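Here's the structure, in structure tokens; my notes come after.
Laboratory data are not the source of any read-out in this text; all were calculated from the coordinates shown. None of the values given here were measured: they were computed from a predicted structure. Cβ placement follows ideal geometry from the backbone for every residue including glycine, while neighbour counts extend to all protein chains displayed.
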């Protein structure tokens, strides 16, 4: 799997988790029996983990895995996702896109199924004695549900949420903070992957841990200790920066988002403390933002900093501080609810008029925020709550 994918899925707010291997096998984190699958096609049994035609992807960065296995006549598609129905359940869905019927074998029988299993025992392949055999016709779909609490056999209700509902739910949950529609769709998927891992609490906090603490709160995971956690993150960063000759590229973003979280929860004293700390650092030189998008939680800071440079002390935000990235020239994009300062957010869209980008913006919050054009157009600024401006063409753009 690529570095931005995750192989642990579950239901937000529930403890039960399962891992999904590259071949689409389930390994429950509670130590119960793994669930693997096999396909009997017209010519032979197919073992996914041994097949060179196997392909897997995570849909739009969400905890929804899709694994494809080629058999004569087309693909067998397996999708795995979790739903909150019936106290929590992992669903394994199979779609036969081939031109012939097949048989699916599953290595557990304590599952709910949409179709009654066959009484036939799998022949010609080694499978556990409690395996299930389920016929799957041409262009047919079936689902198998593994209950998280007291798994058992039975009929799977047809009203269980489908994979697209789950995908859309995760995308919406990951966009309650900022939302971006970018020319590079892989960046949007990676952003959702990072945030969904945070919401499932399965993220590796060794990388970008400070941002992870704040991002979880921005995503809605707020508790009685959350503000204390934010204050500790800020104190640790300020102490580090006081000893450094150059500020880290992500410090402004870290402090601004921390102050924004505090403002949203009416912690005015913490907001003022962060502003004073930032003002003591603001004249220090700053490391350049990395050219390549980082992995894990730093991706959020990198993307948002690329689109807007917020102020931790308030009053000003620089749009496109590094200019429009060259791969995006001539392509429309937009971003919503970026932190502008502790008490305001900004949304804007870029539409192109020939080689010149037109910026349509809207400020959320009290009036008076100063917007500047950053490196995209250093001569432009505005204090209007909304409007449209035609920036200069990027140097070298045609």
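Quick notes on this one:
- Crossing angle, helix 209-218 versus the chain [Cα axis fit, 0-90 degrees, rounded to tens]: 90 degrees
- Ordering of 246-254, 305-313 by packing [mean C-beta count within 10 Å, highest first]: 305-313, 246-254
- The overall shape of segment 68-138 is oblate: from the C-alpha gyration tensor, with semi-axes ordered a ≥ b ≥ c, the ratio a/c is 1.5 or greater and a/b is no larger than b/c.
- Computed label-point distance, nm, for sites residue 360 and residue 19 using a 7 Å Cα→Cβ extension: 4.7 nm
- With Cα atoms, 0 to 90° folded angle of helix 226-242 axis to the chain main axis: 60 degrees
- Exposure proxy order (Cβ contacts within 10 Å, fewest to most) of 62, 141: 141, 62
- Modelled this way, with points 7 Å down the Cα-to-C-beta line, the labels at residue 283 and residue 381 are 1.9 nm from one another.
- Gaussian network model of the chain, springs between alpha carbon atoms under 10 Å - residue of 275, 349, 159 with greatest fluctuation: 159
- The coefficient of translational diffusion for segment 236-316, derived via Stokes-Einstein from the alpha carbon Kirkwood radius under 37 °C and 0.692 mPa s, stands at 249 µm²/s.
- Residue among 28, 294, 116 with the largest mean-square fluctuation in a Gaussian network model of the chain, springs linking Cα atoms under 10 Å: 116
- The orientation-averaged projected area of the convex hull spanned by the Cα atoms of segment 89-172 comes to 6.7 nm².
- Our summary gives segment 281-398 a relative contact order of 21 percent, counting only alpha carbon pairs under 8 angstrom and 6 or more residues apart.
- Hydrodynamic analysis of the chain uses the Kirkwood radius over alpha carbon pairs. Inserted into Stokes-Einstein at 37 °C and 0.692 mPa s, it gives a translational diffusion coefficient of 140 µm²/s.
- Cα-only Debye scattering, segment 174-390: base-10 log of I(q)/I(0) at q = 0.11, 0.12, 0.17 Å⁻¹: -0.50, -0.60, -1.26
- Whether segment 273-382 is rounded, prolate or oblate, judged on the alpha carbon gyration tensor where a/c under 1.5 counts as rounded: oblate
- Of the beta bridges in the chain, as assigned by DSSP with both residues counted there, near 95 percent are antiparallel.
- Using the Cβ-Cβ distance between residue 47 and residue 181 with R0 set to 41 Å, the FRET efficiency from 1/(1 + (r/R0)^6) comes to roughly 0.50.
- Cα point-scatterer Debye curve for segment 8-167, base-10 log of I(q)/I(0) at q = 0.14, 0.15, 0.19 Å⁻¹: -0.65, -0.75, -1.27
- Most mobile listed residue (183, 288, 342) in the chain, GNM with C-alpha springs under 10 Å: 288
- Helix 298-307 axis, angle to the chain major axis (alpha carbon atoms, nearest 10°): 50 degrees
- Segment 156-250 - Rg and Dmax from Cα coordinates, angstrom: 16.9, 62
- Relative contact order (percent, whole number), the chain, Cα cutoff 8 Å, 6+ residue spacing: 11 percent
- Added length on full extension, which subtracts the Cα-Cα distance from 0.36 nm per residue, residue 248 to residue 161: 26.9 nm
- Per-residue ellipticity at 222 nm computed for the chain from its helices equals -7500 deg cm²/dmol, with DSSP H segments shorter than 4 residues left out and the rest contributing -39,500 (n - 2.57).
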